[in-house]
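Here's the structure we're looking at; comments come further down.
None of the figures in this text is laboratory data; all of them are computed from the coordinates on show. On a predicted model such as this, the values are computed, not experimentally measured, just so you know. We place every Cβ from the backbone using ideal geometry, glycine too, and count neighbours over all the protein chains shown.
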Amino acid sequence: MTNAVETRGLRRTYALDRRAKTGRSEVVALHQLDLEVAEGSVHGLLGPNGAGKTTLCKILATVLLPTEGEVRVFGRDVRTQTRKVRRDIGIVFGGERGLYTRLTARQNLHYWCALYGLRRPAVRARTEQLLERVGLVDRADEKVEGFSRGMKQRLHLARGLAGDPRLLLLDEPTTGMDPVSARDFRSMVDELRREGKTILLTTHDMDEAETVCDVVTLIDGGRVLAAGDPRSIGALVSRHERVEFDFVGPVAETVRDLLDLPGVVGCTSVSPGRHRVETADDDATKAALSLLVDRGATALTTSRPRLEEVYLKLIGDRGMAVR
Amino acid sequence: MALRYSLRVVRYSAQNAVADFAATYTWKSWLFGWLGRMLSQVVFFTLAGRLLGSPSLHRERFVGNSVMTCVVEAMMVVASSAWERRAGTLPLLVSSPAGLFEVFFGRSLQWVVSGTATSFVALLALGPFFGVHWAPAAVPVVVVVLLVTSLGSYCFGLFLSVLVLQATQLRNIVSNVSYLAMMTFCGVQVPVGYWPAPIGWVAECIPITHGLRAMNALAAGGRADMVGQQVLEAALCGVFWVLVAAAAFRLLAERGRRDGSIEYSA
Ligand SMILES: Nc1ncnc2c1ncn2[C@@H]1O[C@H](COP(=O)(O)OP(=O)(O)OP(=O)(O)O)[C@@H](O)[C@H]1O
Ligand SMILES: [Mg+2]
């Protein structure tokens, strides 16, 4: 199977304003980035502010050239086969801009469908289909300036689909959406995946990444830190399963007994009265669970490290600092 | 095939422009607001010219200011192209298969139509007050001269709008300076010959210079071949600027892709 996206040694720098006396003449937004996005997958791109996510999206959207390296979209070079690449991609970014606010939703879609080469009957048909899909049929003849943020975002998604792209680039599409709209948005993404579209999604939302992505890539400082299935990527920080429990009263003896069980590798306190046992395999987990039930522990849960933990561990807890 | 697609892009962009225009003006607000304002401007400049200059140029000055109205409107392409950048649609347009030039060519055509209508009303309705009378046969020619002048100026404006797209804060300065310069140097207030020769050479490249000569010849009941030649020259200027503008749009997109100036967030 061909990859929808393939980058090899991708580097992109921006020249800095000489007048800003930072001492540097350029910023490196992407550093030797190698990335593959399989056709038909939903691929999440995670990283802190300034990691280079938007830069990558722009390069794939052909609005920015790579400084070095090779970038292919469905096997086509973004540099030399730009026109062909443009027919295969759609872009959607978060925020309120990018729409003709004095036109209606329907007029906006008519226009973009025509720009993507459709003729009049097809323009109309595709527009209606898109309005239907994003649930804007009832508001289609209202001017976009009166739309709420969530409605604008739906229209953005419809607009991104105007050319029936094989690859959809979604750059933080759910920023500013309320939880219900965000959930609807994710189910639309799911639907698109079922239709066989490839989706590259950048997000800061770990739950979003865990629920919709088949693969996630963590990037920071323009480099790939880790990549994998969001449900098993936890193995990067710990291969172990966890059992958490609440315990009232002295816990020392129980902890000692737990650590004596074969396959139990550690026990820590996560908050007052709540503890976590790490186990190397399923048998150890079972043994630990039955011991804990015997001793009267409550609120037992088993889990694996979640994406968020991986993220924090790899990227570091650097608070608001942006590089 | 490719040509038909380009034409379709222009047509849909123009439809987009008309919808935009319709959202801004109603018939009434255009008629009483915009048209009224532009007509008063024609009267004002014509009368002001009478106080300053020789009365013999009175008729030319009226014709000049009337034709200038459609140029002023055509030059609004400079500002309205810059809106595209503020709306954040530029990167979406660049990443679409449509050419930027075709999009922008269609996107502001409403000004050409509205401007031609304004000038036409000015010439026909106000003409008699300034000693300009049109023979019925001349009326369609007036429309042709106005359309060519206005389209030619529009193409010139398209070229300027590429500059403004790179520095949107300049959009009003560029459009104002350019039409004030045209008003001053292209024969609207005083004949082109009044200025030093080099300025005259530059003026020859600007569509309104020729459009005005055609309209003046027509108003004076001049020979058809004289009018025709000036219309042709105005059209050639327009073609020149449309080619320059098309090349400039291509450079804009390429440059933006290189230096990262095609922004898409706020
Ligand atoms: N046009 C530009 N000119 C100069 N530097 C830029 C430009 N665009 C991005 N950068 C820099 O490149 C780096 C990567 O930025 P990018 O926008 O790709 O990050 P991001 O991962 O999308 O961040 P965020 O999560 O904030 O959207 C940052 O250091 C940023 O300051
Ligand atoms: Mg970003």
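Points worth noting:
- Comparing A:LEU192, A:LEU56, A:LEU30 in a Gaussian network model of chain A, where Cα atoms under 10 Å apart are tied by springs, the biggest mean-square fluctuation is seen for A:LEU192.
- Under 19 Å from the A:ASP17 label point (7 Å along Cα→beta-carbon), backbone N, the stretch B:168-184: B:168-171
- Average other protein chain Cβ within 10 Å of Cβ, residues A:79-91: 2
- Each Cα pair under 8 Å and six or more residues apart adds its sequence gap; the mean of these over the residue count of the stretch A:11-86 is a relative contact order of 26 percent.
- Relative packing of B:21-33, B:206-218, B:169-181, A:107-119, which averages over residues the other C-beta atoms within 10 Å, highest first: B:206-218, A:107-119, B:169-181, B:21-33
- Rounded to the nearest 20, the Cβ-based charge dipole of chain B about its Cα centre (Lys and Arg +1, Asp and Glu -1) stands at 260 debye.
- From most to least packed by mean Cβ count within 10 Å, the peptides B:251-259, B:116-124 give B:116-124, B:251-259.
- Candidate lysines - alpha carbon under 28 Å from A:LYS197, same-chain residues fewer than 8 apart omitted: A:LYS53, A:LYS58, A:LYS84, A:LYS152
- Modelled this way, with points 7 Å down the Cα-to-C-beta line, the labels at B:GLN169 and A:ALA125 are 5.0 nm from one another.
- For peptide A:271-280, the mean count of partner chain Cβ atoms within 10 Å of a residue's Cβ comes to 0.
- Average Cα contact separation per residue, the stretch B:2-259, under 8 Å, 6 or more apart, as relative contact order %: 25 percent
- Residue of A:ALA226, A:ALA51, A:ALA284 that the Gaussian network model of chain A assigns the largest fluctuation, springs spanning Cα pairs under 10 Å: A:ALA284
- Net charge of Cβ neighbours under 12 Å - reference A:ALA122; Lys, Arg +1; Asp, Glu -1: +3
- Burial ranking of peptide ranges B:95-106, A:167-178, A:241-252 (average Cβ count within 10 Å, highest at the top): B:95-106, A:167-178, A:241-252
- Shielding by partners for peptide A:65-72, expressed as the average number of C-beta atoms from other protein chains within 10 Å of each residue's C-beta, is 1.
- Computing FRET efficiency as 1/(1 + (r/R0)^6) for B:SER261 and B:ARG223, where r is the C-beta to C-beta distance and R0 is 51 Å, gives about 0.50.
- 19 Å Cα-Cα reach of A:LYS143 towards aspartates and glutamates, excluding residues that sit fewer than 8 places from it in its own chain: A:GLU96, A:GLU128, A:GLU132, B:ASP20, B:GLU84
- FRET efficiency, 1/(1 + (r/R0)^6) with R0 51 Å, evaluated for B:SER6 and A:LEU312 via beta carbons: 0.50
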